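The values are calculated or read from the model by the stated rules, or taken from the named source; none is laboratory data. Worth saying up front: this structure is predicted, and the values here are computed from it rather than measured. Heads up, the Cβs are rebuilt from the backbone with ideal geometry, glycines too, and the neighbour counts pull from every protein chain shown.
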Amino acid sequence: MKPHILVVDDEIRYQHLLRVNLESEGYEISTAGDGEQAIEMIANRRPDMVILDVMMPRLDGYSTCERIRQFSSVPIIMLTGKAEEDDRVRGLNAGADDYVAKPFSATELVARVRAVLRRAVNTESITQSRYFSHGNLRIDFARAEVWRDDRPIYLSATEYRLLIQFAHHVGQVLNAEELLLAVWGGFLS
Amino acid sequence: MKVEPSPLPPIEFDHVYLISRIIGQAGNWKSALDQILSQVRKVFIFDNVAVYLLDTTRRTLDVGYAKAAGRGHSREADVAWGENLSSQVMLKRSTILQEPPDDPAMDRLERPFILGVPLIANQQILGTIIFIRFGSPPFTPTQTQFAEYLGQQIALLIAVQQRETELSTVESLRQTLRIQGDFISTLSHEIRNPLGFIKGYTTTLLRTDKQWDADTQQEFLKIIDQETDRLQELIENLLDSARLETGLIVMNFQPVRVEAVLNDIITRSRLHHPGLEILLQINPPVPPIIADARRLTQVIENLLNNIEKYAEGSPAIITVHHQDSQVFIDVADKGPGIPGKYLELIFERFFRNPEREKQVYGSGLGLFICRQIIHAHHGSINVESTPGEGTTFTIALPINQPQNGMMMG
């Protein structure tokens, strides 16, 4: 089966550029124009890789990447507008596997895609489920929505991150340090 | 020197209290000093008073306040009197009392008693306050102490005001930096995008491991060509707006017949944009105006371009009339209109209607440049729009310019 790559960019011309180059390599390409749409498509179609632009209106690439990481370990290459170290570190911290700075050469991009896909095949795929259910609690990671007894619960961003930590470690004891790092870590650093 | 009892009434606690009350309520040290000096005049007389403030960047003493109570000396001359003592007080950082020789034969004006008090707040010397009495009476120790107390209080007030000034300077610098930051980040995005396409599609064509068919090659080359044009347009607009803003473009004001300018524009437009229908109405004829014809053409062409891009299929209706000392040029379309919430913003640099910016290419600089050019003509440009019905830009230009060939500010 052809590897399936989702290209997320608000510029049609970038979508086209990536599609032409990657289809010629034998990949199957889908495109999304914004982060919300991308999250929905990843949850439903489980692509083998995501190429994610950073500069997008509404949900930017970093936030999209963080949201994806809450339910999926799909390999992600970020397209950063700037190649400054801050942006690369921010992308990698958000959970990206690699980055390519715009403007990029088609050859370099294709090479990076190949390398990241190769690594992903070597490490066992551990893509998690989009939904989590336990007792009367239900979480939709893709939409960041929580229900109890089929009624939606509204949580703050921190409360939500904390809940996800518990959901990922059902039945385990988590110490305060681990929780602090996982939930507040990004803000404390 | 013989010590005489002071002819002035003694300074009472009430006077000290008065100073602290005025200082406590003051917003401005100069008006506080005005108030204090006029209210303590009976117990603390002087012919002249001057406050010298240290300019910390230039390390000079500047007169910050001067007042003459009269007895025949011009204020400037008295300020010069104090300068010498002021420098000494600054060096010594303490009060200096200069007394004249006790020679009754000398003219009163040549026998000044000068009291110099340093203005110190938070251990920093800010300047001096100098009092002059010509001839008599000498400053008593109590009066000197009173002047020192006054100096301390005024110094505190000056320090607070200097902090406030510094704070607002810092605040406005921060504002400027923020605007420049926004500008640079928008700019780098606007430049990187076309550049990214050119680089991406060129390197796609250059891939040695792939063969592209002739149609694909054509398509890629077309994209590269279009993106190069965009980049060029963006750079020209940027240079134009920067030159206009810094006043580097001098308006070439000459008598201009608006009708002739518009007819030229229409002729050119029919050649290059045959799809755009332009209707021109000039009734009655308008007098020639003083304007830069080339720049005026640039403004009208920009508005017509916008109609072609944002109101596709709509004719452009140009109406010209004059009233009093102004000529009005309306450029209207019957396009989809601009939502009211964006009307205020469309002349701002880089602003683009977020509902259209994805479908229509633009740099966000066109209307910004139009407004700069019209302002350089001492005119105005405004917009009215009804969604679903159309948009009208109204340019008002003075028939005469205040000065011919002046630079824009």
*Filter the range B:179-189 down to residues that are surrounded by 13 or more Cβ atoms within 10 Å (Cβ to Cβ) and more than 8 Å from every other protein chain (Cβ to nearest Cβ) and give me whichever is modelled with the highest pLDDT.*
B:187
*How many residues does the range A:135-189 hold that are surrounded by 13 or more Cβ atoms within 10 Å (Cβ to Cβ) and of a type in the set (S, T, N, Q)?*
1
_So residue B:267 ticks every box in (1) surrounded by fewer than 15 Cβ atoms within 10 Å (Cβ to Cβ); (2) hydroxyl-bearing (Ser, Thr, Tyr); (3) closer than 30 Å to residue B:193 by Cβ but one. Which box is left unticked?_
(3)
*Give the range B:190-229 a look and list any residue that's surrounded by 15 or more Cβ atoms within 10 Å (Cβ to Cβ), free of Cβ contacts under 8 Å to residues at least 40 places away in the same chain and within 43 Å of the chain's Cα centre (by Cα), or say none.*
B:192, B:193, B:195, B:196, B:197, B:198, B:199, B:200, B:223, B:224, B:226, B:227
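Yes/no matrix, rows are residues, columns are (1) crowded, with 17+ Cβ neighbours inside 10 Å; (2) away from chain A (no Cβ under 14 Å); (3) out of contact with any Phe, Trp or Tyr (no Cβ under 7 Å at 6 or more places or on another chain):
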{"residue": "B:119", "(1), (2), (3)": "yes, yes, yes"}
{"residue": "B:125", "(1), (2), (3)": "no, yes, yes"}
{"residue": "B:146", "(1), (2), (3)": "yes, yes, no"}
{"residue": "B:167", "(1), (2), (3)": "no, yes, yes"}
*Is one or more of the residues making up the range B:122-145 part of a helix (DSSP H, G or I) and of a type in the set (Ser, Thr, Tyr)?*
yes
*Within the range A:46-64, can one find any residue that is farther than 24 Å from residue B:354 by Cβ, at pLDDT below 90 and not aromatic (Phe, Trp, Tyr)?*
yes
_Tally up the residues in the range B:319-349 that are surrounded by fewer than 17 Cβ atoms within 10 Å (Cβ to Cβ), at pLDDT below 90 and either assigned to a strand (DSSP E or B) or touching a helix residue (DSSP H, G or I) at 6+ places or on another chain (Cβ under 7 Å) (or both), please._
1
_Restricting the range B:276-316 to residues that are among the β-branched types (Val, Ile, Thr) and more than 21 Å from residue B:347 (Cα to Cα), the residue that is surrounded by the fewest Cβ atoms within 10 Å (Cβ to Cβ)_ = B:282
*Condition met for residue A:80 (within 12 Å of chain B (Cβ to nearest Cβ) and in contact with a strand residue (DSSP E or B) (Cβ under 9 Å, 6 or more places away or on another chain))*: yes
*Test residue A:107 against the stated conditions and say whether it is among the polar types (S, T, N, Q) and within 14 Å of chain B (Cβ to nearest Cβ).*
yes
*asked:* Can you list residue pairs whose Cβ atoms sit under 9 Å apart, with the first residue in the range A:95-112 being without any contact (Cβ under 8 Å) to a residue 12 or more places away in the chain and the second being of a type in the set (Phe, Trp, Tyr)? Count only pairs 6 or more apart in sequence or on different chains.
replied: A:103/B:197
*Filter pass, residue B:312 being more than 14 Å from chain A (Cβ to nearest Cβ), under 41 Å from the mean Cα position of the chain (by Cα), in a helix (DSSP H, G or I) and over 21 Å from residue B:379 (Cβ atoms)*: no
*Identify, by number, the condition in (1) under 12 Å from the mean Cα position of the chain (by Cα); (2) small (Gly, Ala, Ser); (3) within 17 Å of residue A:10 (Cα to Cα) that residue A:91 doesn't meet.*
(3)
*Is it the case that residue B:162 is surrounded by 15 or more Cβ atoms within 10 Å (Cβ to Cβ), within 25 Å of the chain's Cα centre (by Cα) and either away from chain A (no Cβ under 14 Å) or of a type in the set (Asp, Glu) (or both)?*
yes
*What's the number of the condition residue A:15 fails, among (1) surrounded by 22 or more Cβ atoms within 10 Å (Cβ to Cβ); (2) more than 11 Å from chain B (Cβ to nearest Cβ); (3) touching a strand residue (DSSP E or B) at 6+ places or on another chain (Cβ under 8 Å)?*
(1)
*For residue A:95, state whether it is surrounded by 15 or more Cβ atoms within 10 Å (Cβ to Cβ), in contact with a strand residue (DSSP E or B) (Cβ under 8 Å, 6 or more places away or on another chain) and not in a helix (DSSP H, G or I).*
yes
*Of (1) within 29 Å of the chain's Cα centre (by Cα); (2) at pLDDT below 95; (3) among the aliphatic types (A, V, I, L, M), residue B:286 satisfies all except one. Which?*
(1)
*With respect to residue B:25, determine if the residue is surrounded by 14 or more Cβ atoms within 10 Å (Cβ to Cβ), on the phi < 0 side of the Ramachandran plot, at pLDDT 85 or above and assigned by TED's automatic domain parsing to the domain that holds residue B:119.*
no
